[in-house]
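What follows draws every value from the coordinates through simple rules; no lab data is involved. Quick caveat: nothing in here was measured; it's all calculated off a predicted structure. For neighbour counting, all protein chains shown are included, and Cβ atoms are generated from backbone atoms with ideal geometry for every residue, glycine included.
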Amino acid sequence: MSGPSVCQVATNTYLVDGGLVNWVLVTEGDAVLLIDAGLPGHRRAIDESIRMIGHRPDEIVGILATHANVAHIGAVPQLLRRHPFPVLMDPAEVSVAKGERLDTSGSSSTVRNLFRPGHLRWSLAALRLGASESVRIPTAQALVPGRQLDLPGRPVPVPTHGHTSGHCAYLLPDAGAVVTGDALVTRYPSSTLWGPQLPPPVFSADPTEAVYALDALLPLDADLVLPGHGTSYCGSVPDAVDLARERANAAAGNSTRRR
Ligand SMILES: [Zn+2]
């Protein structure tokens, strides 16, 4: 596997492309916040990305998860084995991270949809990085939706339930950026589309809710989208939401335009 691609997108804010999935690094002094943590096999790439921005992996002070899918929390247990730090996520996602409830999208879908057209190569690569592993985080904690966190970047959790029942985006106010996870992506492994879009419905727990969840992004004071898959999107977030909805509607053949 080639190394991670690290792009500074704002002061103290970096989008890292791990190859199949992204994570975000936010720094403040020596402290490093990780938003999402790739697949289990991404642990070395996460370390490398932290070193590439002049920090050390032992400077991680916390992890925020957009959702408890193996492709987004995969390396957390390995990172926690080295030193403790809080792992926070939407209250509805905590039981999945703890292994008390099944993931409603993602890893199971990865296996289930292994042989869908265009998905095989991604699936095999993801499986090589541990996509079929059962990742559990017994210490996962619930954040308070909407309440700013005392972590680098002062992130504000923005619930965007739909892709999973507890999916959460994070506004980074100083960066004018929103980390959207799989609520809004700009590329998806099984799709040939580029630009703002939702993951294919088959990968979401509630595809209709995932479309409506985009409402939560509209009022945010941000002009930069940092997605869980694909490159960053710089521009109007409402325009990105509109485009993603149009594409979702075209794919579904129904009408769920912006409310
Ligand atoms: Zn994903």
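May I ask which residue of Val185, Pro238, Pro145 lies farthest towards the positive end of the charge dipole of the chain, with charges of +1 (Lys, Arg) and -1 (Asp, Glu) on Cβ and the Cα centre as origin?
The Cα lying farthest towards the positive end belongs to Val185.
Give me D for the range 116-259 in µm² s⁻¹, whole number, from Stokes-Einstein with Rh from the Kirkwood sum over alpha-carbon pairs, 4 °C and 1.567 mPa s.
Taking Rh from Cα pairs, D becomes 81 µm²/s.
Give me log10 I(q)/I(0) at q = 0.08, 0.14 Å⁻¹ for the chain, Debye formula, one equal scatterer per alpha-carbon, no solvent.
Log10 of I(q)/I(0), two decimals: -0.26, -0.86.
Taking a ≥ b ≥ c as the square roots of the Cα gyration tensor eigenvalues, with a/c under 1.5 meaning rounded and otherwise prolate when a/b beats b/c, else oblate, which class fits the range 153-204?
oblate
As a test, work out the antiparallel percent of DSSP beta bridges whose residues both lie in the range 126-241, rounded to the nearest 5.
70 percent
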